[in-house]
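The values are calculated or read from the model by the stated rules, or taken from the named source; none is laboratory data. Remember, it's a predicted structure, so these values are computed and weren't measured experimentally. All Cβ positions, even for glycine, are placed from backbone atoms using ideal geometry, and neighbour counts span all protein chains on display.
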Amino acid sequence: MRVLIVGGTGVIGSSLQKTLAANGHEVVITSRKSSTTNDSALLVNLENISDSVQTICNAGNFDAVVLSAGVSSIRACRVNPESTSLVNVDAQVAIARELLSVNQPRVILISSNRVFDGVTERTKTESAYSPTTEYGRQKSQAETDLLSLGSSVKIVRFSKVISEHTALIVDWFNKLLSNEKISAFVDMAISPITVDAAVDVIEHVLVAECEPVVQFSAADEISFYDLATVVANYAKSPLSNVIRQLAQDAGDNAILHSSLESSVFPSIKPMPSLHSVHKIMEKLTNS
(Lines give C-alpha, C1' and ligand atoms only; values in the text may rest on other atoms or scores of the structure.)
Protein backbone atom coordinates (compact mmCIF):
# COMPACT_ATOMS: atom_id res chain seq x y z
CA MET A 1 0.00 0.00 0.00
CA ARG A 2 1.26 3.48 -0.88
CA VAL A 3 0.39 5.86 1.96
CA LEU A 4 0.70 9.64 2.24
CA ILE A 5 0.99 11.12 5.73
CA VAL A 6 0.26 14.84 5.72
CA GLY A 7 2.13 16.00 8.80
CA GLY A 8 4.62 13.16 8.85
CA THR A 9 7.08 14.83 11.21
CA GLY A 10 4.71 15.33 14.14
CA VAL A 11 4.46 12.96 17.10
CA ILE A 12 1.71 10.83 15.58
CA GLY A 13 2.85 11.17 11.96
CA SER A 14 6.49 10.23 12.58
CA SER A 15 5.55 7.19 14.66
CA LEU A 16 3.01 6.11 12.07
CA GLN A 17 5.59 6.47 9.30
CA LYS A 18 8.05 4.19 11.08
CA THR A 19 5.41 1.55 11.81
CA LEU A 20 3.95 1.47 8.31
CA ALA A 21 7.39 1.35 6.67
CA ALA A 22 8.42 -1.49 8.99
CA ASN A 23 5.28 -3.37 7.96
CA GLY A 24 6.12 -3.15 4.27
CA HIS A 25 4.13 -0.13 3.11
CA GLU A 26 5.53 2.60 0.89
CA VAL A 27 5.20 5.80 2.87
CA VAL A 28 5.47 9.40 1.67
CA ILE A 29 5.32 12.21 4.22
CA THR A 30 4.89 15.94 4.06
CA SER A 31 6.77 18.44 6.19
CA ARG A 32 6.40 22.17 6.63
CA LYS A 33 10.13 22.57 7.15
CA SER A 34 12.93 21.58 4.79
CA SER A 35 15.15 20.57 7.73
CA THR A 36 13.40 17.24 8.10
CA THR A 37 15.69 14.20 8.30
CA ASN A 38 13.62 12.52 5.57
CA ASP A 39 15.13 13.68 2.27
CA SER A 40 12.14 12.43 0.29
CA ALA A 41 9.58 14.41 2.32
CA LEU A 42 7.29 16.70 0.35
CA LEU A 43 7.74 20.30 1.42
CA VAL A 44 4.19 21.52 2.10
CA ASN A 45 2.95 24.62 3.90
CA LEU A 46 -0.80 24.19 4.41
CA GLU A 47 -1.24 27.96 4.70
CA ASN A 48 -0.74 27.99 0.92
CA ILE A 49 -3.47 25.59 -0.11
CA SER A 50 -3.10 25.68 -3.90
CA ASP A 51 0.66 25.01 -3.77
CA SER A 52 0.16 22.26 -1.20
CA VAL A 53 -2.44 20.48 -3.32
CA GLN A 54 -0.26 20.75 -6.42
CA THR A 55 2.83 19.39 -4.65
CA ILE A 56 0.89 16.42 -3.33
CA CYS A 57 -0.76 15.69 -6.68
CA ASN A 58 2.62 15.76 -8.40
CA ALA A 59 3.76 12.93 -6.11
CA GLY A 60 1.49 10.41 -7.84
CA ASN A 61 -1.41 8.27 -6.69
CA PHE A 62 -1.88 6.97 -3.16
CA ASP A 63 -3.90 4.10 -1.76
CA ALA A 64 -4.47 5.96 1.49
CA VAL A 65 -3.95 9.42 2.95
CA VAL A 66 -3.64 10.29 6.64
CA LEU A 67 -4.36 13.92 7.47
CA SER A 68 -2.30 14.45 10.63
CA ALA A 69 -1.08 18.03 10.17
CA GLY A 70 -2.61 21.13 11.65
CA VAL A 71 -2.60 23.70 14.43
CA SER A 72 -3.50 21.93 17.68
CA SER A 73 -2.83 24.78 20.10
CA ILE A 74 -6.07 25.83 21.79
CA ARG A 75 -4.68 29.32 22.34
CA ALA A 76 -3.40 29.76 18.77
CA CYS A 77 -6.80 28.81 17.37
CA ARG A 78 -8.54 31.24 19.73
CA VAL A 79 -6.21 34.14 18.92
CA ASN A 80 -5.99 33.49 15.15
CA PRO A 81 -9.24 31.76 14.15
CA GLU A 82 -9.10 32.65 10.45
CA SER A 83 -5.52 31.58 9.73
CA THR A 84 -5.78 28.41 11.80
CA SER A 85 -9.10 27.47 10.21
CA LEU A 86 -7.40 27.78 6.82
CA VAL A 87 -4.98 25.05 7.90
CA ASN A 88 -7.26 22.89 10.06
CA VAL A 89 -10.31 22.93 7.81
CA ASP A 90 -9.84 24.38 4.32
CA ALA A 91 -6.49 22.76 3.52
CA GLN A 92 -7.56 19.33 4.80
CA VAL A 93 -10.73 19.38 2.71
CA ALA A 94 -8.96 20.69 -0.40
CA ILE A 95 -6.33 17.94 -0.29
CA ALA A 96 -8.92 15.22 0.27
CA ARG A 97 -11.25 16.50 -2.45
CA GLU A 98 -8.48 16.67 -5.06
CA LEU A 99 -7.08 13.21 -4.29
CA LEU A 100 -10.52 11.63 -4.19
CA SER A 101 -11.24 13.06 -7.62
CA VAL A 102 -8.25 11.16 -9.02
CA ASN A 103 -8.27 7.63 -7.63
CA GLN A 104 -10.45 7.31 -4.50
CA PRO A 105 -7.85 6.63 -1.80
CA ARG A 106 -8.96 5.99 1.77
CA VAL A 107 -8.71 9.34 3.56
CA ILE A 108 -8.26 9.42 7.33
CA LEU A 109 -8.59 12.60 9.38
CA ILE A 110 -7.01 12.55 12.82
CA SER A 111 -9.51 14.37 15.02
CA SER A 112 -10.01 15.14 18.69
CA ASN A 113 -12.33 14.70 21.65
CA ARG A 114 -12.46 18.51 21.72
CA VAL A 115 -15.34 18.32 19.24
CA PHE A 116 -17.35 17.62 22.42
CA ASP A 117 -17.89 19.76 25.52
CA GLY A 118 -16.72 17.24 28.11
CA VAL A 119 -19.98 17.30 30.06
CA THR A 120 -20.30 13.52 29.97
CA GLU A 121 -17.74 10.73 30.17
CA ARG A 122 -17.27 8.10 27.45
CA THR A 123 -18.95 10.27 24.84
CA LYS A 124 -20.52 8.19 22.10
CA THR A 125 -19.40 8.34 18.48
CA GLU A 126 -22.77 9.57 17.27
CA SER A 127 -23.14 12.32 19.90
CA ALA A 128 -23.89 15.79 18.57
CA TYR A 129 -20.99 18.20 18.18
CA SER A 130 -20.65 20.53 21.17
CA PRO A 131 -17.23 22.23 20.98
CA THR A 132 -16.35 24.84 23.58
CA THR A 133 -13.15 26.03 21.88
CA GLU A 134 -12.26 27.37 18.45
CA TYR A 135 -10.01 24.37 17.94
CA GLY A 136 -12.90 22.02 18.65
CA ARG A 137 -15.12 23.99 16.29
CA GLN A 138 -12.56 23.71 13.53
CA LYS A 139 -12.18 19.97 14.03
CA SER A 140 -15.95 19.44 13.97
CA GLN A 141 -16.20 21.50 10.78
CA ALA A 142 -13.39 19.52 9.16
CA GLU A 143 -15.10 16.26 10.11
CA THR A 144 -18.41 17.41 8.65
CA ASP A 145 -16.92 18.67 5.39
CA LEU A 146 -14.76 15.60 4.87
CA LEU A 147 -17.51 13.08 5.62
CA SER A 148 -19.63 14.79 2.96
CA LEU A 149 -17.05 13.70 0.37
CA GLY A 150 -18.12 10.06 0.55
CA SER A 151 -17.52 6.68 2.11
CA SER A 152 -13.77 6.68 1.44
CA VAL A 153 -13.34 9.18 4.28
CA LYS A 154 -12.79 7.95 7.84
CA ILE A 155 -12.54 10.02 11.01
CA VAL A 156 -10.35 8.87 13.90
CA ARG A 157 -11.01 10.74 17.14
CA PHE A 158 -8.48 10.49 19.94
CA SER A 159 -8.33 11.81 23.47
CA LYS A 160 -4.95 13.20 24.54
CA VAL A 161 -2.07 11.38 22.82
CA ILE A 162 1.15 11.33 24.83
CA SER A 163 4.69 10.15 24.21
CA GLU A 164 8.12 10.53 25.78
CA HIS A 165 8.49 13.61 23.56
CA THR A 166 5.33 15.42 24.75
CA ALA A 167 6.56 18.96 25.48
CA LEU A 168 4.55 19.49 28.68
CA ILE A 169 5.69 16.21 30.23
CA VAL A 170 9.35 16.73 29.27
CA ASP A 171 9.25 20.29 30.65
CA TRP A 172 7.69 19.14 33.92
CA PHE A 173 10.19 16.30 34.27
CA ASN A 174 13.22 18.54 33.72
CA LYS A 175 11.95 21.17 36.18
CA LEU A 176 11.20 18.57 38.83
CA LEU A 177 14.64 17.03 38.33
CA SER A 178 16.04 20.47 39.18
CA ASN A 179 13.80 20.66 42.26
CA GLU A 180 11.71 23.43 40.70
CA LYS A 181 7.99 23.73 41.32
CA ILE A 182 5.34 23.16 38.65
CA SER A 183 1.60 23.87 38.52
CA ALA A 184 -1.02 21.41 37.28
CA PHE A 185 -4.77 21.66 36.86
CA VAL A 186 -6.92 19.68 39.26
CA ASP A 187 -10.16 20.40 37.38
CA MET A 188 -9.21 19.51 33.81
CA ALA A 189 -9.77 15.86 32.95
CA ILE A 190 -7.64 13.96 30.47
CA SER A 191 -7.88 10.42 29.17
CA PRO A 192 -4.38 9.86 27.79
CA ILE A 193 -3.33 7.16 25.35
CA THR A 194 0.18 6.38 24.15
CA VAL A 195 1.25 7.30 20.65
CA ASP A 196 1.86 3.59 20.05
CA ALA A 197 -1.82 2.87 20.76
CA ALA A 198 -2.86 5.71 18.46
CA VAL A 199 -0.69 4.31 15.65
CA ASP A 200 -2.20 0.84 16.10
CA VAL A 201 -5.70 2.30 15.70
CA ILE A 202 -4.77 4.29 12.59
CA GLU A 203 -3.13 1.27 10.97
CA HIS A 204 -6.25 -0.81 11.64
CA VAL A 205 -8.44 1.85 10.00
CA LEU A 206 -6.08 1.95 7.02
CA VAL A 207 -6.31 -1.74 6.23
CA ALA A 208 -9.64 -2.97 7.63
CA GLU A 209 -13.31 -2.20 7.13
CA CYS A 210 -14.68 0.13 9.79
CA GLU A 211 -17.37 2.68 10.53
CA PRO A 212 -17.04 6.23 9.12
CA VAL A 213 -16.11 7.52 12.58
CA VAL A 214 -14.03 5.63 15.14
CA GLN A 215 -12.86 6.75 18.57
CA PHE A 216 -10.22 5.73 21.08
CA SER A 217 -9.33 6.96 24.55
CA ALA A 218 -8.08 5.58 27.83
CA ALA A 219 -10.48 3.41 29.81
CA ASP A 220 -10.83 6.09 32.49
CA GLU A 221 -9.93 9.69 33.30
CA ILE A 222 -7.35 11.51 35.42
CA SER A 223 -6.53 15.17 36.02
CA PHE A 224 -3.42 17.00 34.89
CA TYR A 225 -2.49 17.06 38.57
CA ASP A 226 -2.63 13.26 38.68
CA LEU A 227 -0.37 13.17 35.64
CA ALA A 228 2.06 15.60 37.26
CA THR A 229 2.34 13.53 40.44
CA VAL A 230 3.43 10.51 38.39
CA VAL A 231 6.05 12.64 36.62
CA ALA A 232 7.25 13.85 40.04
CA ASN A 233 7.64 10.28 41.25
CA TYR A 234 9.84 9.40 38.26
CA ALA A 235 11.88 12.56 38.85
CA LYS A 236 12.22 11.57 42.54
CA SER A 237 10.87 15.00 43.41
CA PRO A 238 8.71 15.69 46.49
CA LEU A 239 5.00 16.04 45.71
CA SER A 240 5.14 19.44 47.40
CA ASN A 241 6.79 20.64 44.17
CA VAL A 242 3.52 19.99 42.31
CA ILE A 243 1.17 22.92 42.94
CA ARG A 244 -2.57 22.41 42.54
CA GLN A 245 -4.07 24.91 40.09
CA LEU A 246 -7.61 25.72 38.94
CA ALA A 247 -8.22 26.22 35.24
CA GLN A 248 -9.87 29.60 35.80
CA ASP A 249 -6.68 30.90 37.42
CA ALA A 250 -4.94 30.45 34.06
CA GLY A 251 -7.82 31.85 32.02
CA ASP A 252 -9.03 28.41 30.94
CA ASN A 253 -12.24 26.49 31.52
CA ALA A 254 -12.52 23.40 33.65
CA ILE A 255 -13.09 20.15 31.75
CA LEU A 256 -15.23 17.65 33.64
CA HIS A 257 -14.69 14.69 31.30
CA SER A 258 -12.47 13.76 28.38
CA SER A 259 -13.01 10.06 27.73
CA LEU A 260 -14.63 8.67 24.62
CA GLU A 261 -16.62 5.51 24.08
CA SER A 262 -13.82 3.64 22.33
CA SER A 263 -14.60 1.74 19.16
CA VAL A 264 -14.12 -2.02 19.32
CA PHE A 265 -10.97 -3.31 17.66
CA PRO A 266 -9.92 -6.98 17.49
CA SER A 267 -6.57 -6.58 19.22
CA ILE A 268 -6.50 -3.02 20.60
CA LYS A 269 -7.96 -2.46 24.05
CA PRO A 270 -8.17 0.82 26.00
CA MET A 271 -5.71 0.99 28.89
CA PRO A 272 -6.14 2.82 32.21
CA SER A 273 -4.83 6.38 31.97
CA LEU A 274 -2.08 5.87 34.54
CA HIS A 275 -0.87 2.78 32.71
CA SER A 276 -0.29 4.91 29.60
CA VAL A 277 1.51 7.55 31.67
CA HIS A 278 3.80 4.99 33.27
CA LYS A 279 4.66 3.51 29.86
CA ILE A 280 5.83 6.81 28.43
CA MET A 281 7.62 7.84 31.63
CA GLU A 282 9.60 4.60 31.52
CA LYS A 283 10.66 5.46 27.97
CA LEU A 284 11.52 9.03 28.97
CA THR A 285 13.64 8.03 31.94
CA ASN A 286 15.42 5.31 29.97
CA SER A 287 16.16 7.46 26.92
So Thr125 ticks every box in (1) touching a residue at least 60 places away in the same chain (Cβ under 8 Å); (2) more than 23 Å from Ala208 (Cα to Cα); (3) not acidic (Asp, Glu) but one. Which box is left unticked? (2)
Could you tell me whether Met281 is outside any loop (DSSP other than H, G, I, E, B), at pLDDT 95 or above and under 30 Å from Gly24 (Cα atoms)? yes
Which listed residue is under 22 Å from Val195 (Cβ atoms), outside any strand (DSSP E or B), charged (D, E, K, R) and in the same structural domain as Trp172 (by TED's automatic domain parsing), from Lys269, Lys236: Lys269
Hits in region 261-287 (condition: among the aliphatic types (A, V, I, L, M), closer than 17 Å to Ala189 by Cα and more than 18 Å from the chain's Cα centre (by Cα)): Leu274
Mind checking which residues of region 44-61 are in contact with a helix residue (DSSP H, G or I) (Cβ under 7 Å, 6 or more places away or on another chain) and closer than 10 Å to Leu4 by Cα? Ile56, Asn61
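Please count how many residues of region 170-213 are assigned to a strand (DSSP E or B) and either within 24 Å of Gly251 (Cα to Cα) or among the charged types (D, E, K, R) (or both). If you could, list the steps in order and put the result at the bottom.
Step one: list which residues in region 170-213 are assigned to a strand (DSSP E or B), which gives 182-185, 188-190, 193-194, 213.
Still in the running and either within 24 Å of Gly251 (Cα to Cα) or among the charged types (D, E, K, R) (or both): 182-185, 188-190.
Number of matching residues: 7.
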May I ask you to verify whether Ser258 is in a loop (DSSP other than H, G, I, E, B), over 23 Å from His165 (Cα atoms) and within 18 Å of the chain's Cα centre (by Cα)? no
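From Ser152, Ser183, Ser159, Ser178, which residue is hydroxyl-bearing (Ser, Thr, Tyr) and crowded, with 22+ Cβ neighbours inside 10 Å? Spell out how you get there, then give the answer.
Values: Ser152 fails: crowded, with 22+ Cβ neighbours inside 10 Å; Ser183 fails: crowded, with 22+ Cβ neighbours inside 10 Å; Ser178 fails: crowded, with 22+ Cβ neighbours inside 10 Å.
Of Ser152, Ser183, Ser159, Ser178, the one residue that is hydroxyl-bearing (Ser, Thr, Tyr) and crowded, with 22+ Cβ neighbours inside 10 Å is Ser159.
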Could you look through region 192-222, keep only residues that are farther than 23 Å from Lys18 by Cβ and surrounded by fewer than 20 Cβ atoms within 10 Å (Cβ to Cβ), and pick out the one that is nearest to the chain's Cα centre (by Cα)? Val213
